[in-house]
Each structure stands twice: as C-alpha cells, then as structure tokens.
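Reviewing the structure listed below.
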Amino acid sequence: MALKRYKPTTPGQRGKISLRRKNQKLARVKSLVVGSRGSTARSRGRVSMRHRSAGAKKAYRKIDFKRDKYDILAKVEQIEYDPNRGSSIALILYADGERRYILRPKELKVGDTVVSSKQAVDQNPGNSCPLNLMPVGSYINCVELHVGKGGEMARGAGNFATITAKEGKYVNIKLPSGEVKKIFGNCSGSFGVLDNEDVKNISLGKAGIKKYLGRRSKVRGVAYGSPRSHPHGGSYKTSGVGRASPVSPWGQPAKGFKTRKRTHTDKFIVERK
C-alpha cells in the first residue's frame, strides 16, 4: 500500500506520513460490530497500567478467527478499514446469506471467492485448511495454536508465517519473530500475506495522534527527582543511570533479561528467535 506524505502547512503536518487507503470503506455491518470500552483504570482512582489509556472511542469489529464454516463458498463484498488493528479486513458473504469479517491478505480483492475446509484447498489468498494439508514453503497467516481455538499467531499488518517442515503429526512453522515452532498438524491457518505491510513506515506527526491510539506520554527514569520514585532517579538529570545496566521501576533488568516462565512448552520450540 502506498504512503501519503503531507505538506508542512502546520507543525503537526510536518514530517507526517500515513497510509493511502484506496478502496477501503468505513461502512460497517451492524450485526458484526459491538461497542468497545477501554481496558484500563476501572474507576479505582489509580493507574492500572502505566503509559496506557483507552484512546479514541471506536467500535470493535467481530473477526472470524476460527473460520469454522466449512465447504461453503464465500464472496468478498468489500474491503474495510478497522481501527482496532493494522491490517484491513474483508467482509465476506457466504452462499447461505451469512456475513463475516476476516483478515485480508494483500492479494484478496472485491469479487474473489474464499473457502475454509478440513480438506485440502487451492492456495488462493484467504482460503483456510489444516496445516498438515498445506505444502511446505507456503506463506500463511492467522495460525491456530490449539485446534478449534481460532487463529492466534501471524495476525499483524504485513505479517506471515512459513511452513518449513512436517514431522509426523506436527508441522514446523517459522513465525514473524524468526522463531520456529512445532504445531499440531490439525490446527488451521489461512493462505497469504496480510496487507498494510507499510504500516511500519508511517510517521504520526504529533504526540496527540499517539494519545488517540491509547499511548500516553512517558517520563524517563533519570528525570525522577528521587531514587524512591525510580531506580534511575536522584542526583542530576544529566548524570545517567548510575548503575551497570538500566532497570525497570521495580528493579528488573531492562536489556536482554529473559522473562519467559512457561518452560513446559519449550519442547515445541525448534529454534529460538
């Protein structure tokens, strides 16, 4: 997707870069939309998560991550903008009249047909089937981690996973992070690379847009006036951290410290990221 650059007519426009969203509609299907409230604060009078807020008001689109309507052709009616994620979404109409939203691969266009099945399907963008029926080397998205739970991995804008090998009842998947993971072959996924890969190149232009997205401003640790408030605080602001390596407000090392606790799933990791 092309990038849109703005003339520096105001300080907020100077340096701003956004996505040029062609043929993406803002219209939405009422039955597939629910209200969305922020997940922070809860009126307790204290900060439940630092540097986060509810952001601008937006409606949540219910996405079909399970793709559990099998062997029924669906036609892509329109491509829509979704404020809750980086990639676009596609509104599909099944032959029996039901409508659903799915994540849109970048090759999927209005008028195309998609299908999900428990049997092998064509390698067309948007088609879904179990991983053990997909050829090695396929680019896939919205990959399940548990059978029937719905896609959990490779769902971000421009992301995809790659099938690298098949070993018995397991399939090796290379994730966007570079990690190679062993997944049960009956888990499903969808063909294609998700669109809006240029989202990493946008520039918001001003801090206010960041607040619309639910990201509040941060205070550097060295800017605190006392070590009671932050381990980096105290002395002068130009004195640096004052210790061997920077840490979080609770003393956890901030650079390269391993935080993974679930060791019982290490057996499914073939190659670390």
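Structure notes:
- Tyr236 satisfies every condition listed in (1) touching a residue at least 24 places away in the same chain (Cβ under 8 Å); (2) of a type outside the set (D, E, K, R); (3) outside the structural domain of Lys109 (by TED's automatic domain parsing) except (1).
- Of the strands (runs of 3 or more DSSP E) contained entirely in region 148-261, those carrying at least 2 residues that are among the β-branched types (Val, Ile, Thr) fall at 161-167, 170-174, 180-184.
- Check on Lys181, of a type in the set (D, E, K, R), within 30 Å of Tyr70 (Cβ to Cβ) and surrounded by 12 or more Cβ atoms within 10 Å (Cβ to Cβ): yes
- Scanning region 166-176 for residues that are out of contact with any Leu (no Cβ under 7 Å at 6 or more places or on another chain) and either within 14 Å of Ile140 (Cα to Cα) or in the same structural domain as Glu271 (by TED's automatic domain parsing) (or both) gives Asn172, Ile173, Lys174, Leu175, Pro176.
- Region 112-147: number of residues that are part of a loop (DSSP other than H, G, I, E, B) and either in the same structural domain as Thr265 (by TED's automatic domain parsing) or charged (D, E, K, R) (or both): 3
- Each residue in region 227-271 was checked for being within 30 Å of Val171 (Cα to Cα) and either surrounded by 10 or more Cβ atoms within 10 Å (Cβ to Cβ) or over 25 Å from the mean Cα position of the chain (by Cα) (or both), and 8 pass.
Residues checked against (1) surrounded by fewer than 15 Cβ atoms within 10 Å (Cβ to Cβ); (2) over 15 Å from the mean Cα position of the chain (by Cα); (3) aliphatic (A, V, I, L, M):
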residue	(1), (2), (3)
Tyr139	no, yes, no
Val143	no, no, yes
Asn159	no, no, no
Arg216	no, yes, no
Val219	yes, yes, yes
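- Within the set Lys174, Lys181, the sole residue that is modelled with pLDDT of 95 or more and touching a helix residue (DSSP H, G or I) at 6+ places or on another chain (Cβ under 8 Å) turns out to be Lys181.
- Looking only at residues of region 55-71 that are under 24 Å from Glu152 (Cβ atoms), assigned to a loop (DSSP other than H, G, I, E, B) and out of contact with any helix residue (DSSP H, G or I) (no Cβ under 6 Å at 6 or more places or on another chain), we find that the one that is modelled with the lowest pLDDT is Lys58.
The values are calculated or read from the model by the stated rules, or taken from the named source; none is laboratory data. Since the model is a prediction, treat every value here as computed from it, not as a measurement. So basically every Cβ, Gly included, is an ideal-geometry build from the backbone, and we count neighbours across all protein chains shown.
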